[in-house]
Amino acid sequence: MPTHTTHIPSFQRRHALVATTLALALGAATPVLHAQTPVKAVASFSILGDLVRQVGGERVSVEVLVGPGSDAHVFQPSPAQARLVAQSQVVFSNGLGFEGWLSRLLKTAGYKGQQVVVSKGIQPLKEPGHDDHDHQKKGHARGAHDHGETDPHAWQSVNNAKVFVKNIALGLCRADPGGCELYDRNARSYTAQLDALDGEIRAAWAPIPAAQRQVITSHDAFAYYARDHGVKFLAPQGVSTESEASAQGVAQLVRQIRKDQIKALFVESISDPRLIEQIARETGVKPSGALYSDSLSVPGGEAATYIDLMRFNTRALTRAVRGQ
C-alpha cells in the first residue's frame, strides 16, 4: 500500500515551537516565583549586623539601626526606624545595657516578634572603677547612658563573639525553622573562622613583653580584649562616650604616660579626638591613629567586617606598643 506523509503547515509548526519555548521558560521561572522570602531581621549596631549576616546568609535580610561610624551610646531612633522595627520578624541586640534606648523603641514600634540578646551566656566584666569614688579618681563621670556595673563591649573578645554567633543561630531558627539547617551550618563555618582569628591575635601578642602592653584609648571599650591578651588599657572616659573626663583624671593619665613611657595613644572611630590630642600635646606622644571600638568602618573600608575590625585593631595595637 502507498505510504502517506502528513504535511504540517508551516504556521502550525511555528505555533508549536513558540508554545514549547514558552512552556520551558515558565517551567524554568517557577523556582524564582516560589523563592523563599528573606527573613526580616534588625540588628542594633553595625558589628552585630555583620555577625547576623554571616549566620543568616542570603536567607535573611538584615537592617542595622546604628550604622557604621555612628555611636550607639548617644543614638536616638527615628520614626522611620521605629517603622522598620515594627515590620521585622526578629530583633538582635547586644544587651548588657549597651542599647539603653532599645526598650523604648520596641514599645513605640509595638514590636511583637522575636527578640534575641546575643550576649546571653557570656561572663560579663564589671565596669572599671564602678563606684563613685573610683570614677572620680579615674576621671570618669556618669553619663545619661550609665551601664550600671557591667561593661557592655563583650564583642571585643573573640570567644564572646562565638557565643554571639550561637545565640544568633538559635534566634534565627526560632524565627524561621525551615532555615535552621542552613543557619547551623553557617554558624559552624563562621565559628571556625573565629577560632583561626583568635589564634592570629594571640600569636601577634606573644613576642611582646607584658610591661610593654600598655595603651591609652578614648573610652573604656577594650576590657574584654585586655583580659584575653594581657593588655592594659587606660582611658580618660568610662565605658560610655557620654561620660566626661575630669581634669584630675586627665592629669593622672599624663603622669602615668610619662612614668611608664607609654607609646600607644589612640583615638577611636566614634569618639571626639580632642581629648586624646590634648593628652598627646602634654606628653609629647604622637597619636598612633584610630581604633574601631563600637562600630565597623564604611563598606569597603579597613574594618568593614568584625574579623577585619579585630585584625586591624590588633595590627595597630601591636605596632604602637613597639613604638613603630
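Structure above, values below:
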| quantity | calculated |
| --- | --- |
| Residue that is farthest from residue 174 (Cα to Cα), among those in the range 32-56 that are among the hydroxyl-bearing types (Ser, Thr, Tyr) and buried (at least 17 other Cβ atoms within 10 Å of the Cβ) | 46 |
| Candidates 169, 192, 196, 211, filtered to the one that is of a type outside the set (S, T, N, Q) and closer than 30 Å to residue 281 by Cβ | 211 |
| Per-region count, the range 189-220, residues surrounded by 15 or more Cβ atoms within 10 Å (Cβ to Cβ) and outside any helix (DSSP H, G or I) | 9 |
| Checklist (1) of a type in the set (S, T, N, Q); (2) under 19 Å from residue 170 (Cβ atoms); (3) surrounded by fewer than 18 Cβ atoms within 10 Å (Cβ to Cβ) applied to residue 88, failing item | (3) |
| Matching residues in the range 56-96 - criterion: being among the β-branched types (Val, Ile, Thr) and within 15 Å of the chain's Cα centre (by Cα) | 62, 64, 66, 91 |
| Qualifying residues in the range 221-253 (those that are at pLDDT 80 or above and not in a helix (DSSP H, G or I)) - the one farthest from residue 202 (Cα to Cα) | 234 |
| Search result, residues across the range 274-323 that are of a type in the set (A, V, I, L, M, F, W, C), touching a strand residue (DSSP E or B) at 6+ places or on another chain (Cβ under 6 Å) and part of a loop (DSSP other than H, G, I, E, B) | 285 |
| Flag if residue 53 is more than 28 Å from residue 221 (Cβ to Cβ), modelled with pLDDT of 95 or more and within 29 Å of the chain's Cα centre (by Cα) | no |
| Selection from the range 57-81 of residues that are among the hydrophobic types (A, V, I, L, M, F, W, C) and surrounded by fewer than 19 Cβ atoms within 10 Å (Cβ to Cβ) | 74, 80 |
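The rows are residues; the columns are (1) aliphatic (A, V, I, L, M); (2) at pLDDT below 95; (3) surrounded by fewer than 17 Cβ atoms within 10 Å (Cβ to Cβ).
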{"site": "136", "(1), (2), (3)": "no, yes, yes"}
{"site": "139", "(1), (2), (3)": "no, yes, no"}
{"site": "148", "(1), (2), (3)": "no, yes, yes"}
{"site": "155", "(1), (2), (3)": "no, no, no"}
{"site": "169", "(1), (2), (3)": "yes, no, no"}
{"site": "181", "(1), (2), (3)": "no, no, yes"}
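The values are calculated or read from the model by the stated rules, or taken from the named source; none is laboratory data. No experiment lies behind these values; they were computed from the predicted model shown. Methodologically, a virtual Cβ is constructed for each residue, glycine included, from the backbone with ideal geometry; neighbour enumeration extends over all protein chains shown.
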